[in-house]
């Protein structure tokens, strides 16, 4: 589930970069690109957010670990917060496109960077 969410997050980032390129070039943003970005973002964030509590349940009941007792868990919490923050700000951008655009980008990239660290730290937890 988390992997699917992260793939959708990367695709959403790619579309967001196309939107940014159009803005930097002072060209109109293709409506199809903007629409796909918005349509992919919601399921991507929902999958990532759903993965976090499922990871906690797995840690406690399957692996007999304490919740958030590993770097993997804390990095996962940070990545989840980054994605949720980017989603909340992104919804505000739909109303006012100039508002907090930088924070939306920063939180999105933070979530993706932390999710890469989550993947690497999770390797040691594999059976």
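The values are calculated or read from the model by the stated rules, or taken from the named source; none is laboratory data. Bear in mind the structure is a predicted one, so any value in this text is a computation, not a measurement. Methodologically, a virtual Cβ is constructed for each residue, glycine included, from the backbone with ideal geometry; neighbour enumeration extends over all protein chains shown.
Per the listing 15, 46, the residue uniquely within 30 Å of residue 124 (Cβ to Cβ) and under 16 Å from the mean Cα position of the chain (by Cα) is 46. One residue stands out among those in the stretch 98-126 that are assigned to a loop (DSSP other than H, G, I, E, B) and touching a helix residue (DSSP H, G or I) at 6+ places or on another chain (Cβ under 9 Å): the one that is farthest from residue 82 (Cα to Cα), which is 99. Considering 116, 81, the condition of being under 16 Å from the mean Cα position of the chain (by Cα) and modelled with pLDDT of 95 or more is satisfied by 81 alone. When the stretch 61-81 is filtered for residues that are surrounded by 14 or more Cβ atoms within 10 Å (Cβ to Cβ) and in a helix (DSSP H, G or I), the ones remaining, listed by number, are 71, 72, 73, 74, 75, 76, 77, 78, 79, 80, 81. Is it the case that some residue within the stretch 82-96 is surrounded by 15 or more Cβ atoms within 10 Å (Cβ to Cβ) and on the phi > 0 side of the Ramachandran plot? Scanning the stretch 82-96, I find no residue that is surrounded by 15 or more Cβ atoms within 10 Å (Cβ to Cβ) and on the phi > 0 side of the Ramachandran plot, so the answer is no.
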